[in-house]
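A.B. asks: Take a look at the following structure, please.
Values quoted throughout were computed directly from the atomic coordinates according to the rules given, and no laboratory measurement underlies them. What you see is a predicted model; the values in this text were computed from it and never measured. Because the Cβ atoms are built from the backbone with ideal geometry, glycine has one as well, and the counts that use them run over all protein chains shown.
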Amino acid sequence: MKRARRLVAIATSVSCALLLTPARSRACGGCFHPEQLSAATVVTGHRMAFAVSDERTVLWDQFEYSGAPDDFSWVLPVLPGAVLEASTDAWFETLETVTKTQISGPQLNCAQASGGGVGCGSVDATLGSGDHSNFYGGGGVTVLHQGTVGPYETVTLRSTDGDALTTWLKSHQYFIPPDIQPTIDDYTAQGDDFIALRLQPGLSVQKMTPVQVVTPGGDYLLPLRMVAAGVGEHVNIVLYVIGEQRYAMPDLHEVSVDRSKLTWTFSDNSNNYDELHRQALAKNLGFSYLPAFAFKGGLSSTLPGPSGSTATYSVSSSTNFQRYSSFADLYFAQANDNDGKEPDSCASVVPLLNGTQLVTADGSDGTLAAIKLQCDKYSDIAAAMQGMHPANVWLTRLELDLPKEALSVDCTVVPADSQAQVSNQLQAIHAKDRPSGCEEVVFESKLARGLPGRGTLVFVALFGSLLWLRRRGAAC
């Protein structure tokens, strides 16, 4: 098993403010906000992605919160040598689309007036789970790098004094809650650097795209301690792990949905998966995680659909009705569509993802250069694949609904004991509100119609027993 090494890289946003009308927004990291806004601005969910290899680790993170930012900014504790790069909205959009749970209705065997039976056919309707200024150094803080990444201003900081770092952040309009100070002190004592970033002046919320943090050598940790900032009593987390094995979280309890209770309601094409999902994650006082999807070749191969079919997906645009059957096809199409370009302009990249060549930065010694897996500025797949053999790469989705108390430690991500694939295509077993003319079949034995009633059978049995006992007694 690979040695689990340390990655402490998590975005923490500060200076969150509300607009007059609350809105749902997505950004990167755990939200810090002034105390007077804490009741109104709450982080409700995180989506994170890890790409783990011997060569490096890449972390992506987005959070969902109630409210809208006035002046967003982030602080990321990272290992020395970590760099910040731009990502795309299409990355998380595609991860969500491909891996979310899909529920289909059960196959019905319908009764007819003649007493025969005929199938009504399978139900195609599906329902996914969970609809899902300038910087300056000084005061004991060294500015290692300053620049822009996408819509962000960014600076990399180093300090051996957690108090000095906090003082620097506060003097540059970062709100740091008092209860997060020990965490910052701990990261500083461990020798971490810090990346700070915020939107450039004048850019709107819609420009807030994800970023990726690339760490040489990396570590296989889900960094939860700073996620605690700004969350309520619980926080929903979806973690996508990309590596050459299926991954698990040994610090938590693995659970599963009780599929024997999965029920489809035909009157409104709904199901009870969300409730069963909630019950599963509530086990072990909430210190649980659920593997919802795991597939080898998840970024390159065609993916299975319901009843053994091939899954197909479409981009979010209302004008693009093309269907795509692999993650890579959908990712590049979605990225191009988001930017108003031809959706299939990156099609030549996709075949390379079915190869077994090792992906490296420079492509030397017969390896595949990562740049060949990048199309235009869409580099997420290339970033994820570096240090791996594309055809051997697994995509795993882990779901959590953690109580705030669980955010006091960072959780390890390690290869799972089971390397079996996990399908996200589930079919309900039970049916409610069946369609008219498709009532449930009731089986009745024709032989039973000509037999005496139950009371008669019991009387005959008792009479026969008494007669047998009487004859036996006489014989003795």
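A.B. asks: Pairs of alpha-carbon atoms within less than 8 angstrom and 6+ residues apart define the contacts here; what relative contact order does region 321-396 have, in percent?
C.D. replies: 25 percent
A.B. asks: For a label point 7 Å from the Cα of Q419 along Cα→C-beta, name the residues of region 386-403 whose backbone N is under 13 Å from it.
C.D. replies: Inside the label zone: 392-394.
A.B. asks: Going 7 Å from the Cα of S256 along its beta-carbon direction, which residues of region 391-411 have the amide nitrogen within less than 20 Å of the resulting point?
C.D. replies: The answer is 395-401.
A.B. asks: Could I have the simple spin-label model distance between K341 and D54, label points 7 Å from Cα toward Cβ, reported in nm to one decimal?
C.D. replies: In this crude spin-label approximation the distance works out to 3.5 nm.
A.B. asks: Take the residue pairs K100/K341; K296/K341; K296/K404 and return only those whose Cα atoms are more than 28 Å apart.
C.D. replies: As for pairs spanning more than 28 Å Cα to Cα, those are K296/K341; K296/K404.
A.B. asks: Let me ask something else about it. Figure the gain on full extension for Q279 and A369 (residue separation times 0.36 nm, minus the Cα-Cα span) and round it to one decimal in nm.
C.D. replies: 27.9 nm
A.B. asks: Okay, next question. Compute the Cα gyration tensor for region 390-443, then decide on rounded, prolate or oblate, letting a ≥ b ≥ c be the square roots of its eigenvalues: rounded whenever a/c is under 1.5, prolate when a/b is larger than b/c in the other cases, and oblate in all that remain.
C.D. replies: Cα axes put region 390-443 in the oblate bin.
A.B. asks: Just to verify a number: FRET efficiency for A361 and H389, C-beta to C-beta distance, R0 = 22 Å, to 0.05?
C.D. replies: The formula returns an efficiency of 0.90 here.
A.B. asks: Quote to one decimal, in nm, the extra length available between D186 and T142 on full extension: 0.36 nm per residue of separation minus the C-alpha distance between them.
C.D. replies: Length gained, D186 through T142: 14.0 nm.
A.B. asks: What is the spin-label model distance, in nm, from K432 to D179 if the labels are put 7 Å beyond Cα along the C-beta direction?
C.D. replies: Spacing of the two 7 Å Cα→Cβ label points: 3.8 nm.
A.B. asks: Between Q200 and S171, what is the FRET efficiency for a Förster distance of 30 Å, r being their Cβ-Cβ separation, to the nearest 0.05?
C.D. replies: Efficiency, from the Cβ-Cβ distance: 0.90.
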